[in-house]
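Below you'll find the structure, written out as structure tokens, and then a few comments.
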Amino acid sequence: MSRPIALVTGASSGIGEELARALAEQGEDLLLVARTESELVRVRGEISAATGRFVAILPLDLERADAVEVIREALSRQDLSVCHLINNAGFGLAGDMADLPVAGQVGMVDLNCRALLALTLAFLPQIRENGGGVLNVASVAGFTPGPGLAVYYASKAFVVSLTRALAFEERESGIRVCALCPGPVPTKFGTRAGFHLSGAVDLTRPLSAKDVAHIGLAGYFGRRTIVVPGLIPKLMVAILAVMPTRIVLPVLARAQRQRRSR
Ligand SMILES: NC(=O)c1ccc[n+]([C@@H]2O[C@H](COP(=O)([O-])OP(=O)(O)OC[C@H]3O[C@@H](n4cnc5c(N)ncnc54)[C@H](OP(=O)(O)O)[C@@H]3O)[C@@H](O)[C@H]2O)c1
């Protein structure tokens with residue numbers, strides 16, 4: 001019998017690190033994937049010392065076309081099988097599409113969409129066998145077009161849409177399928193994207209990556225399909241559902257410009 005694990009992508013920092021920590025606290029063994037080996041080693045050390053769980057790491061760039069095969073080999077070498085797939089790795093790039101590097105924007109789709117899909121399709125049979133599930137980290141950005149961060153918003157719309165459809169298709173199989181859709185969270189995300197987090201998040205106590213991870217896992221294990229953590233992000237999603245896109249677009253474009261200029 002192979003050892004069932006939670007495979008967490010982007011587990012070297014931020015929300016992914018906290019999801020990994022919380023899963024181990026709930027008794028799950030882990031395989032952690034991200035590019036930065038030194039950070040994975042740190043996270044593995046902290047989690048295994050605190051929980052005593054088995055924690056394997058795999059330094060890997062998920063934009064690589066052969067990433068799924070590399071993960072498959074790592075799993076089979078260690079006799080592991082995926083029970084919970086946590087598709088968390090992702091990034092954004094702030095700016096107008098015409099001004100941003102092509103490779104960065106295409107790479108965003110490779111990571112946020114293609115890798116997430118490829119991992120889901122590759123490990124769905126194991127997830128079903130183990131009675132686990134798929135937790136995709138999307139965003140409130142998945143509920144509207146977002147000029148100034150357009151490819152990122154579109155990539156998260158892909159994740160929300162795919163998750164909803166997969167949850168419906170898998171309703172008889174018994175596995176969990178959930179999209180966690182946070183608003184702004186203080187992590188390294190803003191630095192890589194090239195902006196400062198501000199705006200709605202300033203109106204209330206910002207949720208930490210740890211808060212978001214715990215709320216996300218409660219929703220996932222509670223079999224919810226869409227989880228939006230926090231009051232302000234919930235309000236944002238409710239407003240986006242009724243507000244005409246022609247009004248939303250200039251408001252979002254202005255907000256993104258202000259974030260970039262701070
Ligand atoms: N922070 C927010 O405001 C916010 C809001 C809504 C949704 N989200 C979503 O939450 C998820 C996690 O983001 P975060 O806020 O926790 O940001 P973060 O601290 O920057 O974490 C991103 C993680 O993804 C990994 N990663 C990035 N590129 C990768 C690649 N090519 N291959 C493998 N791993 C890669 C990073 O590790 P390495 O750099 O070591 O590879 C890191 O572990 C993302 O999907 C993001 O879109 C964030």
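The values are calculated or read from the model by the stated rules, or taken from the named source; none is laboratory data. From a predicted model like this one, the values you see are computed outputs, not experimental measurements. Cβ placement follows ideal geometry from the backbone for every residue including glycine, while neighbour counts extend to all protein chains displayed.
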Between a residue in the range 231-259 that is free of Cβ contacts under 8 Å to residues at least 12 places away in the same chain and any residue that is surrounded by 14 or more Cβ atoms within 10 Å (Cβ to Cβ), which pairs come within a Cβ distance under 7 Å, given they are 6 or more apart or on different chains?
Lys234/Val228
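So which of Val41, Val8 is touching a residue at least 40 places away in the same chain (Cβ under 8 Å) and within 18 Å of Gln78 (Cα to Cα)? Break it down stepwise before answering.
Working: Val41 fails: touching a residue at least 40 places away in the same chain (Cβ under 8 Å).
Residue meeting the stated conditions: Val8.
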Any idea which of Leu31, Leu60 is in contact (Cβ under 8 Å) with a residue 40 or more places away in the chain and under 17 Å from the mean Cα position of the chain (by Cα)?
Leu31
For the range 77-88, indicate whether the set of residues that are among the polar types (S, T, N, Q) and either within 17 Å of the chain's Cα centre (by Cα) or within 20 Å of Ala179 (Cβ to Cβ) (or both) is non-empty.
yes
Mind checking whether some residue in the range 73-86 is more than 10 Å from the ligand (Cβ to nearest atom), of a type outside the set (Asp, Glu), buried (at least 17 other Cβ atoms within 10 Å of the Cβ) and assigned to a helix (DSSP H, G or I)?
yes
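Looking for whichever is in a loop (DSSP other than H, G, I, E, B), out of contact with any His (no Cβ under 8 Å at 6 or more places or on another chain), over 16 Å from Gly10 (Cα atoms) and modelled with pLDDT of 95 or more here; the options are Glu129, Glu172. Which one fits?
On the way: Glu129 fails: in a loop (DSSP other than H, G, I, E, B).
The unique qualifying residue is Glu172.
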Selection count where residues are within 19 Å of Cys83 (Cα to Cα) and not in a helix (DSSP H, G or I), scope the range 13-32:
7
Can you tell me which residue within the range 33-62, out of those that are more than 9 Å from the ligand (Cβ to nearest atom) and outside any helix (DSSP H, G or I), is surrounded by the fewest Cβ atoms within 10 Å (Cβ to Cβ)?
Gly52
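Out of everything in the range 104-113 that is surrounded by fewer than 24 Cβ atoms within 10 Å (Cβ to Cβ) and touching a residue at least 24 places away in the same chain (Cβ under 8 Å), what residue ends up being nearest to the ligand (Cβ to nearest atom)? So that I can check it myself, show each step before the final result.
So in the range 104-113, the residues surrounded by fewer than 24 Cβ atoms within 10 Å (Cβ to Cβ) come out as 104-111, 113.
Then drop every residue that is not touching a residue at least 24 places away in the same chain (Cβ under 8 Å), which leaves 105, 107-111, 113.
Working: Gln105: 14, Gly107: 7, Met108: 9, Val109: 12, Asp110: 8, Leu111: 5, Cys113: 11 Å.
The residue in question is Leu111.
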Quick check on Ala98: is it closer than 13 Å to Leu7 by Cα and surrounded by fewer than 21 Cβ atoms within 10 Å (Cβ to Cβ)?
no
Applying the selection to the range 137-189, what residues are surrounded by fewer than 24 Cβ atoms within 10 Å (Cβ to Cβ), of a type in the set (D, E, K, R) and within 12 Å of the ligand (Cβ to nearest atom)?
Lys188
From Ala50, Ala74, which residue is within 24 Å of Tyr220 (Cα to Cα) and more than 21 Å from the chain's Cα centre (by Cα)?
Ala50
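Would you confirm, using the coordinates I've provided, whether Gly199 is at positive phi and at pLDDT 95 or above?
Answer is no for this residue.
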